[in-house]
1. How many residues does the stretch B:66-80 contain that are in contact with a strand residue (DSSP E or B) (Cβ under 8 Å, 6 or more places away or on another chain), assigned to a strand (DSSP E or B) and either at the interface with chain A (Cβ under 10 Å from one of its Cβ atoms) or of a type outside the set (V, I, T) (or both)?
2. Give the residues of the stretch A:10-44 that are hydroxyl-bearing (S, T, Y), in contact (Cβ under 8 Å) with a residue 24 or more places away in the chain and within 14 Å of another protein chain (Cβ to nearest Cβ), sorted by residue number.
3. Residues in the stretch A:331-365 that are over 19 Å from the mean Cα position of the chain (by Cα) and of a type in the set (G, A, S): how many?
4. Which one is nearest to the other protein chains (Cβ to nearest Cβ), of the residues in the stretch B:93-115 that are within 16 Å of the chain's Cα centre (by Cα) and of a type in the set (A, V, I, L, M)?
5. Every residue in the stretch A:126-175 that is part of a helix (DSSP H, G or I) and within 18 Å of A:F343 (Cα to Cα), please.
6. When you scan the stretch B:82-95, do you find a residue that is small (G, A, S), assigned to a helix (DSSP H, G or I) and touching a Lys or Arg at 6+ places or on another chain (Cβ under 8 Å), even just one?
Amino acid sequence: MIFWRVAALSLRMLSRNRLRGALAVLGIAVATFLLSAERAVHRGVSEATNASQGDTRLIVYRANRFCPFTSKIPERYVDDLLKIEGVKSAIPMQINVSNCRASLDVVVFRGVRAVDAKAVLAHRLRVLDGSFDAFLSRGNGALVGSALAARRGLKVGDNFTSAGVSVTVGGIVESDGPQDRNACYVQLPFLQSAMGGVQGGDVTQFEVEVHDATRIHEVARAIDAHFAPDRAPTSTRPEKAFVARAAEDLVAIAAFAGWLGIGALIAVFALVANAIVLSLESRTREIAILQSVGFHGGLVAWSVVVESLALALAGSILGASAAYFTLFFGQFGLGAEGVSVEFQSSISISLLSIVAACVVGILAGFVPALSAARRSIVEGMRGA
Amino acid sequence: MNDGNAFIRCSKLTKVYHKGDQEIVPLRDLDLEIERGSFVSLMGPSGSGKTTLLNLIAGIDSVTSGSLWIGDNNLAAMSRNQLAAWRAHEVGIIFQSYNLVPVLTAYENVELPLLLHSMTRRERAQRVEAALATVLLSDRADHFPRQLSGGQEQRVAIARAIVAEPPLLLADEPTGDLDRESATMVLDLLSELNRVHGRTIVMVTHDPAAAHRAQIALHLDKGQLLRATSAGGAH
C-alpha cells in the first residue's frame, strides 16, 4: 500500500510541474509517432510481400520485363492458361499507373473483362457502396478500392481523371488484399482503348488462381514452360513474391525505416532520461525532505521510476494515438511499378509502441532513480 | 542497549567529513546525555558542531565513530533503511528554511510522514487536521507554501513534524528566518509541545531569547561540549 501511496504522490507532484512534464511528453509523443509509423510501414510491407501457406494466386508477367508499360502479353494466352493442369481461373489484366516510380499517391488502373469481373472479382471484393452493375453498365465505370477512395475522397458517382484515363465511380469495394484496396478496376476494352491499344490485343499480366496452394510453384513452372517457345515468354511468380520483386525499392525503404524505429526508441530514452535528470537536479531539496520524514531509498527510487513511467506513458499514448488516427484516416500507401504497400494502422501496433516506449522510459529512469536513492540527505538540504 | 536513564546518549561521538584532501572534524569524542521529556537548546558559534550533532541525532547523517543511543536504538549501528524507518516513527524535524515541498499544499505537506504509516485515508485526515489545528492553520490547509507567510510556513513544518506523534522533536534554528512576532508564536508552540504533550525537544539556536525557552542550554565549541547551563524554561 505504501508504494501505491508514494506513486500517487509522485504523480501529483509531476502534475503540478506541468511545463517540465509537458515538454518531455511532447518529445516522447513525436518519437512514438515515428515508431508507430515505422511499424505500420513494416507491417504493410510484410503483408504485401511475405508468402503464406494458403496463397493460391499467381501473377503471369512478361519475362524480363519489370514495368507495367513494357510487359505485353497476348490476351489470347488466357485460353491456354485455363488448360494448364492446376489452374482454376485466369484473368487477363491491363495495368496503367499514374506514376511508375515510388510515390505516396499512385493510382493503379486494372482493366478486367466483364466476364471475369462477374465470375472472379465479385467473389473477393465486398461492395461498400454502389454496385457491380453500376460499374459494368457504363463503359468508363470503375470500382474503386477503399484505401484509394479514402485517400482521394472519392464517392459513388464521382468522375476523376488520372494518367489520362477518365472514369466514373460505380462502386467502392473492400478486400482482404492491399492490391485490391488500392486499385481502380475498369473494364479491359475501355482501358486498352484509353492507352491506345486494341481490344483483344495485349495485356500487362494475368492473374491466375490455382486449385491447390501446395502446387503453386509447380503450376508457375508449368505456365512458363508452356509459353517459353512463344513470341511472348512469361515469368510467373506467386503474387506476394511478384510484389516483393516489383517493389524492391519500397522493401529497401521499409528496411531503412527500421533504423528510424530504433532511433525513435533511443529518442524516447534520451528524452525521459533528460527530463528525469533535470527534474532531480531541480528537486534535490524535495528529495531530501522526503528522506528526512522517513522515505527510504527504495521509495525515493520508486517515485522517480513512477515519474519516468508516467512521462513515457503519457507521451506514448499521445504519439501512438496520433499515428493511429493519422494512418487510419489518411490511408497512406506507397506505390511502385503498379503494386501497392499500405501503411496500416492497428491497435496492436499502437499497443506495441506504447509498451516499447514505457519499457524504454522505465530503463531511462532507472539510473537516475538509483542515484537519487543514494543521495545524502544533508548534501541534498545544502544543495538546494 | 542504552543502559542509562538518558533518552539521548552520545559516547565518544565523532563525525569526520572529507572535503578533497582536507579532513573536517565538526564533532570530536562528544559525550552527552539528554533526559526524556526535556527541552534542550544547543548553542555555540558557527562551526561548533551543533547542527552536525542535530543531524546525527535526527539520523540524517552518519556517525563516524562512537555511539549514539536514542531510547533503545543505537543510531551508529543502523543501516540507511533502518534509519529511514526510525525517522518515520521516532523523530520530527523542523528546519530553519521550513523545507516544505513547494508543489504540495499545507495539508499534503503535513500528510507526508503519514504516507509511511499503516492507516486509512480517514485516519490520516484526522491526524493532519489535528496537527494543523494545533498550529492554528486549519484555514490554510489548501494553501501552497508560496501562499503562506514565513511564520505560517514554519508552523506547517511544525505540524508535519508532530503529525506522526514522534517522541522526539529536533529544530534547527526554527526562528532564524522569522520576525519577532512569528518567532514568539513558534517558540510558544514548541514550549507547549514539550510541556503539554511531553515531547523531548532539541533545538539549535543562536538566539538567547529562544534558548531561554529551553530548560537546559548545551554550549558547544569546536565539536565538544563546553558547558551545560540551566536556561530558565519552565517544565
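The values are calculated or read from the model by the stated rules, or taken from the named source; none is laboratory data. It should be emphasised that the depicted structure is a prediction, and the values quoted were computed from it without experimental measurement. Cβ sites come from the backbone with ideal geometry, for glycine too, and all protein chains shown count toward neighbours.
1. 5
2. Here is the first cut: in the stretch A:10-44, the ones hydroxyl-bearing (S, T, Y) are A:10, A:15, A:32, A:36.
Of the ones still in play, those that are also in contact (Cβ under 8 Å) with a residue 24 or more places away in the chain are A:10, A:32, A:36.
A:S10 - this is the single residue of the stretch A:10-44 that is hydroxyl-bearing (S, T, Y), in contact (Cβ under 8 Å) with a residue 24 or more places away in the chain and within 14 Å of another protein chain (Cβ to nearest Cβ).
3. Of the residues in the stretch A:331-365, the ones over 19 Å from the mean Cα position of the chain (by Cα) are A:355, A:357-365.
Applying the additional criterion that residues be of a type in the set (G, A, S) yields A:357, A:361, A:364-365.
So the answer is 4.
4. Out of the qualifying residues, it is B:I93.
5. So the first thing to find is which residues in the stretch A:126-175 are part of a helix (DSSP H, G or I), and the list is A:132-137, A:146-152.
Within the stretch A:126-175, A:S146, A:A147, A:L148, A:A149, A:A150, A:R151, A:R152 qualify.
6. No.
Each row is one residue, and each column tells you yes or no for (1) modelled with pLDDT of 95 or more; (2) in contact with an Asp or Glu (Cβ under 9 Å, 6 or more places away or on another chain); (3) closer than 26 Å to A:R382 by Cβ; (4) among the hydrophobic types (A, V, I, L, M, F, W, C).
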| site | (1), (2), (3), (4) |
| --- | --- |
| B:R80 | no, no, yes, no |
| B:F95 | no, yes, yes, yes |
| B:Y98 | no, yes, yes, no |
| B:T120 | no, no, no, no |
| B:R127 | yes, yes, no, no |
| B:A141 | yes, yes, no, yes |
| B:L168 | yes, yes, yes, yes |
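Conditions (1) surrounded by 20 or more Cβ atoms within 10 Å (Cβ to Cβ); (2) at pLDDT below 90; (3) of a type in the set (D, E, K, R), marked per residue:
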residue: B:D29; (1), (2), (3): no, no, yes
residue: B:R36; (1), (2), (3): no, no, yes
residue: B:P45; (1), (2), (3): no, no, no
residue: B:K50; (1), (2), (3): yes, no, yes
residue: B:L53; (1), (2), (3): yes, no, no
residue: B:G59; (1), (2), (3): yes, no, no
residue: B:N73; (1), (2), (3): no, no, no
residue: B:A77; (1), (2), (3): no, no, no
